[in-house]
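Peer 1: One structure, pasted below without further comment.
The values are calculated or read from the model by the stated rules, or taken from the named source; none is laboratory data. Note that the coordinates shown come from a computational prediction; the quantities given were computed from them, not determined experimentally. Here the Cβ positions follow ideal geometry from the backbone for every residue, glycine too, while neighbour counts run over all protein chains shown.
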Amino acid sequence: MVRAGSRLTPGELIVAGAEEMPLPDRSIDLAFSTIAFHHWSDQERGLREVARVLRPGGGFVLIDNLGPNWLAPILQDRPYLSADERAALWTKAGLRVLEQRRIVLLPVFLPVLLATVAVRDGPA
């Protein structure tokens, strides 16, 4: 994916775990993660890293599974966080949740996805 992305964008693409990003503090404007959060080895630490590398006012968009939780062990996933659980974890990490929205790809597709949009507050 990185090779393909490198051909499509002039930006620098870096492969790293969310829990330890090789980026300076307050160095990016936008971070996003799609359908990977439930695989992060330490979700709280990863969110703190996102907050650390975002500039004040920088945005973070995360889309991940919402449930149902009975499906998580079958897929060998961690339990899926509810919208309220996410908001609490984001706040603890230094991110302010602006909006959360459920996404259903198909009428019978499970699990449902939850998009969480947040910013890092602080002086610019």
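Peer 1: What number of residues in region 75-86 are over 15 Å from A18 (Cβ atoms), of a type in the set (A, V, I, L, M, F, W, C) and touching a Leu at 6+ places or on another chain (Cβ under 9 Å)? Walk me through it before giving the result.
Peer 2: Start the filter on region 75-86 by keeping residues that are over 15 Å from A18 (Cβ atoms), which leaves 75-77, 79-80, 82-85.
Narrowing the set further to residues that are of a type in the set (A, V, I, L, M, F, W, C) leaves 75, 83.
Checking the rest, the ones that are also touching a Leu at 6+ places or on another chain (Cβ under 9 Å) come to 83.
Of the residues in region 75-86, 1 are over 15 Å from A18 (Cβ atoms), of a type in the set (A, V, I, L, M, F, W, C) and touching a Leu at 6+ places or on another chain (Cβ under 9 Å).
Peer 1: Within region 2-24, identify whether any single residue is closer than 15 Å to L89 by Cβ and polar (S, T, N, Q), and answer yes or no. Please lay out each step first, then the result.
Peer 2: Taking region 2-24 first, the residues closer than 15 Å to L89 by Cβ are 18-19.
Narrowing the set further to residues that are polar (S, T, N, Q) leaves none.
No: region 2-24 contains no residue that is closer than 15 Å to L89 by Cβ and polar (S, T, N, Q).
Peer 1: Then there's this: List the residue pairs whose Cβ atoms are under 6 Å apart, where the first residue sits in region 1-23 and is within 21 Å of V53 (Cα to Cα), the second is modelled with pLDDT of 90 or more and loosely packed, with under 10 Cβ neighbours inside 10 Å, and the two are 6 or more positions apart or on different chains.
Peer 2: Matching pairs, first to second residue: A16/P22.
Peer 1: Pairs under 7 Å by beta carbon, first residue under 18 Å from E44 (Cα atoms) in region 93-104, partner surrounded by 14 or more Cβ atoms within 10 Å (Cβ to Cβ) and among the aromatic types (F, W, Y), six or more apart or different chains?
Peer 2: Qualifying pairs under 7 Å: L95/F60; V97/W90.
Peer 1: Return the residue satisfying two criteria in turn: it lies in region 34-66 and is surrounded by fewer than 16 Cβ atoms within 10 Å (Cβ to Cβ) and either closer than 13 Å to V112 by Cα or β-branched (V, I, T) (or both), and of such residues it is modelled with the highest pLDDT.
Peer 2: If we take residues in region 34-66 being surrounded by fewer than 16 Cβ atoms within 10 Å (Cβ to Cβ) and either closer than 13 Å to V112 by Cα or β-branched (V, I, T) (or both), then V61 is modelled with the highest pLDDT.
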